[in-house]
Amino acid sequence: MEVLEKEILKRRTFGIISHPDAGKTTLTEKLLLFGGAIHQAGAVKSNKIRKGATSDFMEIERQRGISVATSVLAFHYNEKKINILDTPGHKDFAEDTYRTLTAVDSVIVVIDGAKGVEEQTKKLVEVCRMRSIPMIVFINKMDRNALDSFDLFDQLEEHLKLHPVPITFPIGDGLDFKGIYHISNDTIMLFSSDDKQHLPTYELIEHLDSPQVIAAIGAQHSKDLHEHTEVVKELYPMFEISKYLSGEIHPIMFGSALKNFGVKELLDTLIEIAPHPKPQHSENREVQPTEKNFSGFVFKIHANMDPKHRDRLAFLKIVSGTFRRNTPYHHVRLNKKLKFSSPNAFFAEKRKIVETSYPGDIIGLHDTGNFKIGDSLTDGEKLVFKGIPSFSPEHFRYIINQNPLKTKQLNKGIDQLMDEGVAQLFTLQINGRQIIGTVGILQFEVIQYRLLHEYGAECSYEMLPVYKACWIDQNSQSEDLMAFLKLKQKFLAFDKNNQLVFLADSKFTLSHTQQKFPKVKFHFQSEFDAD
């Protein structure tokens with residue numbers, strides 16, 4: 001077997017998605033703990049007041065206790081190379097998650113056992129389904145009072161349209177949580193450790209019918225477990241890996257990420273059944289990971305990951321071939337060759353230079369402004385990868401410079417943060433005022449915080465009644481277009497790429513304008529020219 005094929009078979013690149021507060025980032029941390037990548041949870045820069053999760057590397061994330069950016073973590077476990085992409089759960093940062101889902105081969109869906117299926121989970125699962133991404137469900141927080149397991153299965157079927165196949169089953173919950181039963185292995189794992197930070201030690205009992213079971217969990221729990229197991233076998237199909245990979249069934253596992261319970265079983269199951277890197281669709285053709293020629297695409301850009309060095313990184317998912325340091329590659333959109341002397345592999349905010357990387361790997365490329373989200377790098381072929389979404393803003397505000405002496409820093413900060421895709425910048429045609437448009441309200445706070453702490457620029461906002469940004473196709477120089485440009489000049493702006501945008505102040509205004517100027521083409525995303 002060739003080196004490339006061997007390396008591909010070793011890779012498992014997956015994302016972790018959930019509604020906020022379901023325990024997603026804690027689970028990510030504990031997967032690292034069990035994988036031996038860290039030796040104590042919260043093992044990052046910390047102070048006596050607060051310990052941040054390893055994957056939440058931005059200071060604002062530590063303060064708010066939420067993830068606002070995808071982080072990439074890589075480690076080796078049982079001779080496999082694991083690439084985890086921990087994503088934001090909050091809906092205001094969902095566009096980062098949606099883009100990240102273009103770079104994963106499988107997904108763990110984290111569900112809060114007490115709350116069941118929540119709103120944001122529905123949207124993220126729908127995106128996974130549209131992209132045919134295999135999903136494993138981890139029902140978390142079983143050390144707290146949880147919903148009935150069969151009610152949870154019903155919710156997964158009804159609200160998420162999933163087809164549950166229980167791999168493990170809980171024994172009790174909350175203060176009465178005794179452990180989990182691994183159905184296919186016929187093994188009971190007893191919950192005994194209360195240590196949140198180190199690997200737990202837990203007792204195993206082989207076989208549900210073992211005389212040790214009643215002594216360990218009590219007669220009632222033993223009776224219930226027998227009954228529940230019979231119901232599971234009657235109602236739900238047996239696990240088949242081919243059906244999981246095709247998205248027909250969804251393995252379900254239980255545990256407590258906070259208490260480190262059920263996490264090792266999840267990791268072991270994941271590396272056993274999750275797919276290695278899969279083919280990726282481009283506008284030209286389907287690209288196979290085993291192809292000799294290198295290709296990859298940028299799904300994320302992040303400025304100032306290391307505030308000391310003010311660096312900007314483009315996150316590149318390798319699709320095919322082998323990426324080699326200091327080798328010239330073709331930037332498809334710019335039609336020019338670039339080479340990279342210090343490509344980075346990630347461990348949260350820690351990075352190391354890598355010589356070679358393979359399909360499934362995520363690498364960080366130092367960027368001086370060459371990359372946009374969706375860009376392709378290849379050995380020469382003009383590949384454009386499909387499925388990387390763009391978003392129309394839903395909230396708009398004027399940005400006001402609070403310190404004119406820092407204008408240069410403000411402009412640089414806005415320029416770089418807009419390239420990350422966290423928001424869009426519009427400049428009014430009539431007076432040059434700058435407007436920021438975001439998908440979520442919280443993005444304004446993140447931008448304000450990062451401008452101050454990363455660029456030393458202070459800004460404030462002024463509300464702006466805009467309903468929708470519409471990109472205008474100026475290719476057809478019709479009389480309608482000329483009349484529209486004259487009548488609506490007060491509401492016209494240019495985006496960062498100098499494309500013309502109409503900022504409609506209401507649904508009625510937009511509808512009325514479209515009726516009045518039927519030959520003007522309105523588009524609700526900026527990439528219409530690529531369609």
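The values are calculated or read from the model by the stated rules, or taken from the named source; none is laboratory data. Every value quoted in this text rests on a predicted model; they were computed, and no experiment measured them. Glycine gets a Cβ as well: all are built from the backbone with ideal geometry, and neighbour counts include every protein chain shown. Remember, those area values only see protein heavy atoms, side chains included, never the ligands or the DNA or RNA. Shrake-Rupley method; radii C 1.70, N 1.55, O 1.52, S 1.80 Å.
So here's what we get for this one:
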item	result
Among the listed pairs LYS115/LYS264; LYS24/LYS123; LYS141/LYS259; LYS141/LYS161, those beyond 18 Å (Cα-Cα)	LYS115/LYS264; LYS141/LYS161
Length added when fully stretched, TYR449-LYS115, from 0.36 nm per residue minus Cα-Cα	117.1 nm
Residues of type lysines that LYS6 reaches as a straight line, Cα spacing below 20 Å, ignoring anything fewer than 8 places off in the same chain	LYS80, LYS81, LYS278, LYS292, LYS317
Correct option for log10 I(q)/I(0) by the Debye sum over Cα atoms at q = 0.07, 0.09, 0.12 Å⁻¹ [calculated from the coordinates] among (i) -0.63, -0.89, -1.22; (ii) -0.68, -0.91, -1.14; (iii) -0.44, -0.71, -1.16	(iii)
Residue-normalised accessible area of the chain, expressed per residue, 1.4 Å probe, Å²	44
Accessible area of the chain belonging to carbon and sulfur atoms, whole % at 1.4 Å probe	50
GLU2/HIS163 FRET efficiency (R0 41 Å; Cβ-Cβ; nearest 0.05)	0.65
GluC sites (Glu not before Pro) within segment 126-225, DSSP loop, no more than 12 other Cβ atoms inside 10 Å	GLU203
Projected label distance in nm at PHE508 and ASN411, using a 7 Å step from Cα toward the beta-carbon	4.0
Antiparallel content of DSSP bridges confined to the chain, in %, to 5	75
In order through segment 455-466: 3J(HN,Hα) via Karplus (6.51 cos²θ - 1.76 cosθ + 1.60), integer Hz, x for Gly, Pro	10, x, 10, 9, 9, 9, 10, 10, 4, 9, x, 10
The chain: angle of helix 263-273 to the longest principal axis, Cα-based, in degrees nearest 10	70
Nearby aspartates and glutamates by direct alpha-carbon distance to LYS488 (threshold 20 angstrom, same-chain neighbours under 8 apart not counted)	ASP473, GLU479, ASP480, ASP505
Net charge of neighbours whose Cβ lies under 13 Å from the Cβ of ASN401, counting Lys and Arg as +1 and Asp and Glu as -1	+2
THR229/GLU394 FRET efficiency (R0 51 Å; Cβ-Cβ; nearest 0.05)	0.60
Linear extension gain, LYS496 paired with GLN212, 0.36 nm per residue minus alpha-carbon span	95.5 nm
Quarter of Cα convex hull surface for segment 266-382, i.e. mean projection, nm²	8.0
13 Å beta-carbon shell around ILE171, net charge (K/R +1, D/E -1)	-4
Computed [θ] at 222 nm, deg cm²/dmol, the chain (DSSP H ≥ 4; -39,500 (n - 2.57); rounded to nearest 500)	-8000 deg cm²/dmol
